[in-house]
Amino acid sequence: MKILFTKSLEKEKVSEKLGTDFSVDFVEVINTEFIKTKSFGLKNNSLIFTSVNGVKAFFENGFAPNENFTEPKNYNKIYVVGSQTKKELGQHNFGTFKLCKNASELSQFIVENSVNEKFLHFCGNIAIDILDEKLPLQNISYKKIPVYKTELLYPKIDEKYQAIVFFSPSGVRSFAKFNQLDDVKIFSIGKTTTAEIEKLTDNKIITSSKNTLADLLNLINITRSAL
C-alpha cells in the first residue's frame, strides 16, 4: 500500500509506526523563507503564533517577549495553535498562556475571554484568515506581522498512491493544482486543513482530532484495511 506525505519527514520513524504494510514517500509542496523584520517593543500586547515557522522567524528577527508577571504594563501573554508550535516556544524557554488545536478554537477563546487585549499575530505571508475575519468584527485589536513567506511549489506527481496526507491549507492548494484528489484516501492534520480540502473534492477526509503527526499515523493504521 503506497502512501504519500506532503511534507519531508524521517522515513525510518514513519515506517516504524506504520509497519511493513505501507510503502511511504514524501514530497515537499511548499517552501518557507524568513522575512527580515526590524524588531520593536511588544509592550503589553498579547502574542499569537499559529506555526513553528512563525516562532522561529520571531526569534530570528530578535523579538523578545516579556513573561514577567510583575511588569503588567509590559507583560506579553502568548497564545498558540498546535502542540508543535508550543514545543518550539519551549525550545526558546518561553511558556504558553493558551494552547488551542486550531485557529477556530483560538478565535472562539479570545472572543469569550480576552476581548480587551491587543493581539499581534506573528505569521507567514499566507496567514490563516479565521482570526483576521472574526476578531476585528468583535472590536478586538488584531494585527498580522508577517515574519516568513510561503512559496507554493506545485509538484506534479506521476506515481499512483492509495493515500495522501496533508499538513496545511497552503500545502493542499500547492498539491491540488496539478494532482487529483478524487481517487485517493485523504488524511488531514486538522480542521483548518480539512476545510481547504473540502473546497476541492467530495472525497471522504480522515482528520486528526489532536492535530499531530502521531495521531495521523494512528488513524492510518486504524483504516489500513480500507486502503
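What follows is calculated from the coordinates using simple rules that are stated; it is not laboratory data. Keep in mind that this is a model prediction, so the values were computed, not measured. Glycine also receives a Cβ, built like all others from the backbone with ideal geometry; neighbour counts cover every protein chain displayed.
In a simple Cβ point-charge model (Lys, Arg +1; Asp, Glu -1; nothing else charged), the chain has a dipole of about 440 debye relative to its Cα centre.
The lysines whose alpha-carbon is closer than 20 Å to the alpha-carbon of K77, local same-chain residues fewer than 8 away aside, are K43, K56, K86, K87, K98, K101, K118, K134, K143, K144. Classify segment 33-150 as rounded, prolate or oblate, taking a ≥ b ≥ c as the square roots of the eigenvalues of its Cα gyration tensor: rounded when a/c is under 1.5, otherwise prolate if a/b is larger than b/c and oblate if not. It is rounded, given that a/c, with a ≥ b ≥ c, falls under 1.5. Rounded, prolate or oblate: which one fits the chain, using the alpha carbon gyration tensor with axes a ≥ b ≥ c (rounded when a/c is under 1.5, else prolate when a/b beats b/c, else oblate)? Verdict is prolate for the chain.
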